[in-house]
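The values are calculated or read from the model by the stated rules, or taken from the named source; none is laboratory data. Predicted, not measured: the structure shown is a model, and the values here were computed from it. With ideal geometry, Cβ positions are generated from the backbone for all residues, glycine too; neighbour counts draw on all protein chains shown.
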Amino acid sequence: MSRVLKIGVFGGAFDPPHLGHMALAQAAIEQLQLDALHVIPTGSAWHKDRPLSDPKHRLEMCRLAFADIDCAVVDDCETLRSGPSYTMDTLEHLRSQFPAAQFFLLVGQDQAMHLSEWHRAKEIPGLAIISVASRSLSVSAASKVGDENDALFATKRLEMPPMPQSSTQIRYCVQNSTRIDSLVCEPVARYIANHQLYRTAR
């Protein structure tokens with residue numbers, strides 16, 4: 001009997017991708033023993049209250065950020081899709097491509113706290129094992145993640161060290177001419193500078 005292909009699905013705005021994203025990807029590949037990890041920049045984000053950077057920039061920054069991570073593949077399926085980007089649509093798309101694979105949906109703890117609000121949320125476990133990246137949270141916040149989701153979702157934990165980086169922080173630093181080399185990898189920092197991204201508030 002052949003071994004089941006294990007594929008990770010890592011979606012997000014990646015505006016920009018940072019060291020925390022890279023650490024989560026590496027942790028998922030190692031701990032879940034993934035054969036492939038699809039990094040999928042969001043197309044039209046239904047849940048964001050600000051416009052995202054042009055998809056071509058976010059895709060290219062992801063290619064730079066994840067270039068040296070084995071098994072990571074930057075997938076443009078959501079940026080090519082018209083309308084809002086929903087996780088269920090992406091999972092169904094990937095299932096059509098890899099019908100015999102086992103999928104693992106990677107989410108951060110901040111996302112995990114709102115899983116029940118996602119489009120067709122109750123159908124997600126039928127297509128993928130939800131894998132939540134654990135990082136330092138207060139006891140009350142960690143409890144909230146479990147309380148809100150235990151009734152709907154069986155989640156798998158990914159252990160990783162605290163990663164303080166955030167895309168919001170990086171955009172703020174660029175706007176204020178503060179160095180970001182401790183927050184993103186050098187190729188991404190250079191791309192942001194060369195294309196003058198995030199110079200104005202969005």
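Table for the structure above
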| quantity | calculated |
| --- | --- |
| Odd one out for residue 191 among (1) among the aromatic types (Phe, Trp, Tyr); (2) at pLDDT 95 or above; (3) in a loop (DSSP other than H, G, I, E, B) | (3) |
| Cross-chain or 6+ apart pairs with Cβ under 7 Å, region 101-117 first and closer than 20 Å to residue 160 by Cβ, then among the charged types (D, E, K, R) and not in a loop (DSSP other than H, G, I, E, B) | 104/6; 113/144; 113/148 |
| Test: residue in region 82-97 that is surrounded by 15 or more Cβ atoms within 10 Å (Cβ to Cβ), modelled with pLDDT of 95 or more, under 15 Å from the mean Cα position of the chain (by Cα) and under 23 Å from residue 185 (Cβ atoms) | no |
| Counted residues, region 53-106 - those being in contact with a strand residue (DSSP E or B) (Cβ under 8 Å, 6 or more places away or on another chain), among the aliphatic types (A, V, I, L, M) and over 12 Å from residue 40 (Cα atoms) | 2 |
| Test: residue in region 127-141 that is modelled with pLDDT under 95, in contact with a strand residue (DSSP E or B) (Cβ under 6 Å, 6 or more places away or on another chain) and exposed (fewer than 15 other Cβ atoms within 10 Å of the Cβ) | no |
| Selection count, region 174-202, where residues are surrounded by 14 or more Cβ atoms within 10 Å (Cβ to Cβ) and farther than 22 Å from residue 63 by Cβ | 0 |
| Members of region 54-71 found to be under 15 Å from residue 18 (Cα atoms) and either in contact with a helix residue (DSSP H, G or I) (Cβ under 6 Å, 6 or more places away or on another chain) or at pLDDT below 95 (or both), listed by number | 61, 64, 65, 69 |
| Among (1) under 15 Å from residue 188 (Cα atoms); (2) free of Cβ contacts under 8 Å to residues at least 60 places away in the same chain; (3) hydrophobic (A, V, I, L, M, F, W, C), the one test that residue 39 misses | (1) |
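So that you can scan it fast, the table gives a plain yes or no per residue for (1) hydrophobic (A, V, I, L, M, F, W, C); (2) over 23 Å from residue 117 (Cβ atoms):
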position: 53; (1), (2): no, yes
position: 71; (1), (2): yes, yes
position: 74; (1), (2): yes, yes
position: 78; (1), (2): no, no
position: 81; (1), (2): no, no
position: 85; (1), (2): no, no
